[in-house]
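Take a look at the structure set out below.
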Amino acid sequence: QVQLVESGGGLVQPGGSLRLSCVTSRSISSIYAMGWYRQGPGKSRELVAVISKAGSTNYADPVKGRFTISRDDAKNTMSLPMNNLKTEVTAVYCCTADPPGYALGTQSRTWGEGAPVTVSS
C-alpha cells in the first residue's frame, strides 16, 4: 500500500501563505484521485480539495480562489499552495490517495499522518 508523507505546515500570520506537499512512497500514476482534508480544533474532518488522475479539481467553497491543488506524477508529489490564510483555516491537513478500487468499495483510501497549519498573529 502506498504511504503518504506531508510537509510544509507551520505557523503563519493571517494573510500569509504556506505550501503543503505530499510525497508518495511509489508511483501514483495508477491512483485515481488524491486530495487534502483538514480537521480543525473541535471540528469534524472536512474536504479541502481533490484532484483526479486526469487533473480535474474540486474545492471546498471556503478555499476557492486561495488554495490551488496540483499533482506531479513524475515526482510522486501533490501540492497545495495556500494564500491569504485566515485564522479559521488552522487545522491538521492530511493528504489522501484513492486507489482505482476505492470508488467501487473494494480498496481503501490511504491517509497521511498530517501536517499542522496554524494561522495566528
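The values are calculated or read from the model by the stated rules, or taken from the named source; none is laboratory data. The model shown is predicted, which means the values in this text are computed figures rather than measured ones. Methodologically, a virtual Cβ is constructed for each residue, glycine included, from the backbone with ideal geometry; neighbour enumeration extends over all protein chains shown. For accessibility, only protein heavy atoms count, side chains too; no ligands or nucleic acids. Shrake-Rupley method; radii C 1.70, N 1.55, O 1.52, S 1.80 Å.
Details
- Any hit, segment 50-67, residues being of a type in the set (Lys, Arg), part of a loop (DSSP other than H, G, I, E, B), at pLDDT below 95 and farther than 22 Å from Leu18 by Cα: yes
- Selection within segment 37-72 - of a type outside the set (S, T, N, Q) and in contact with a Lys or Arg (Cβ under 8 Å, 6 or more places away or on another chain): Tyr37, Arg38, Arg45, Glu46, Val48, Ile51, Gly55
- Considering (1) part of a strand (DSSP E or B); (2) closer than 17 Å to Gly10 by Cα, the lone condition that Glu88 does not fulfil carries the number (1).
- For segment 1-60, residues that are open to solvent by less than 40 Å² (accessible area, probe 1.4 Å), of a type in the set (A, V, I, L, M, F, W, C) and in contact (Cβ under 8 Å) with a residue 60 or more places away in the chain total 11.
- Condition check for Ser79 on (1) polar (S, T, N, Q); (2) part of a strand (DSSP E or B); (3) over 17 Å from Ala115 (Cβ atoms): one failure, at (3).
- When residues of segment 62-112 are limited to those that are open to solvent by 80 Å² or more (accessible area, probe 1.4 Å) and of a type in the set (Phe, Trp, Tyr), the one farthest from Glu6 (Cα to Cα): Tyr102
- Meets criteria (at pLDDT 95 or above, of a type in the set (A, V, I, L, M), assigned to a strand (DSSP E or B) and over 19 Å from Tyr102 (Cα atoms)) for Leu47: no
- Among the residues of segment 56-97, just one is hydroxyl-bearing (Ser, Thr, Tyr) and out of contact with any strand residue (DSSP E or B) (no Cβ under 7 Å at 6 or more places or on another chain), namely Ser56.
- Restricting attention to segment 17-44, the residues that are part of a loop (DSSP other than H, G, I, E, B) and either of a type in the set (Ser, Thr, Tyr) or within 12 Å of the chain's Cα centre (by Cα) (or both) add up to 7.
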